[in-house]
Amino acid sequence: MRGWEIAALVAAGGFAVLMLALTVPVLRLRHTIDAATQTLRDVQVRTGPLLDEVHGTVDNVNTALSQAQVTLDGVNVQLAKVDVMTSHAQAATANIANLVGVVSSAAASPLVKVAAFGYGVRRANAARKGAEDDKAARAYLKEQKKAQRGR
């Protein structure tokens, strides 16, 4: 055998030993890959029904949101009607306020005069009655004094 043949045999033997040494990690890696594959299959089996449930939930939420939108549209229509009624009520209130102002200005002057006349009549009547009462009291006192002197 020549030198290069021996070197080739040594290289082939080294390569065989290297391959045998790499066989164990490769077999362990195969078990790891098999476990990962099984885990992925389990995830796929479990996520299918979960995704179906999520899809159903999303459909229910979309239905609820469309119903809420219809309700909000109805509320907006009613609010527009309330706004119209409020503006009409505001106009009616303004008209009533103007009418009250006109009536009060037309009626206030004669009413004030009547009230002042009534007050004056009451005061004059009270003063006259007070004067009569005072006169009667003085006359009574004078007679009492005369009666005491005459005794």
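If I stretch the segment between V61 and M85 completely, what's the gain in nm (0.36 nm per residue apart, minus their alpha carbon distance), one decimal? It would help to have the intermediate numbers written out before the result.
Details: separation 24, 0.36 × 24 = 8.64 nm, distance 3.58 nm.
Contour length minus Cα-Cα distance gives 5.1 nm.
Per DSSP H run of n ≥ 4, the term is -39500 (n - 2.57); total these for the chain, divide by its residue number, and report the mean residue ellipticity at 222 nm rounded to 500 deg cm²/dmol. Rounded to the nearest 500, it is -38000 deg cm²/dmol.
Shape descriptor for region 1-107: Rg over Rh equals 1.85 (Cα atoms; Rh from the Kirkwood inverse mean 1/r). One chain, two ends: A35 and D133. Fully extended at 0.36 nm per residue, the span grows by 22.7 nm beyond their Cα-Cα distance.
Among the lysines of the chain, pairs at least eight places apart or on separate chains and with Cα atoms under 25 Å apart come to 5. Around the Cα centre of the chain, unit charges on the Cβ atoms of Lys, Arg, Asp and Glu (plus for the first two, minus for the last two) sum to a dipole of about 2900 debye.
Each of H55, T86, V121 was scored by the projection of its Cα onto the charge dipole of the chain, and the greatest displacement toward the positive side belongs to V121; charges sit on the C-beta of Lys, Arg, Asp and Glu.
Relative to the Cα centre, the charge distribution of region 24-94, modelled as +1 at Lys and Arg Cβ and -1 at Asp and Glu Cβ, gives a dipole magnitude of about 360 debye. Computed from Cα atoms, the angle from the helix 3-150 axis to the main principal axis of the chain rounds to 0 degrees.
Report the net charge of residues surrounding A126, where surrounding means a beta-carbon distance below 14 angstrom and charges are Lys +1, Arg +1, Asp -1, Glu -1. Don't jump to the answer; show the numbers that get you there.
On the way: positive: R122, R123, R128, K129; negative: E132, D133, D134.
Summing Lys and Arg as +1 and Asp and Glu as -1 gives +1.
We did not get these values from a lab; they are worked out from the coordinates using the rules stated. Model, not experiment: these values are computed from the prediction. With ideal geometry, Cβ positions are generated from the backbone for all residues, glycine too; neighbour counts draw on all protein chains shown.
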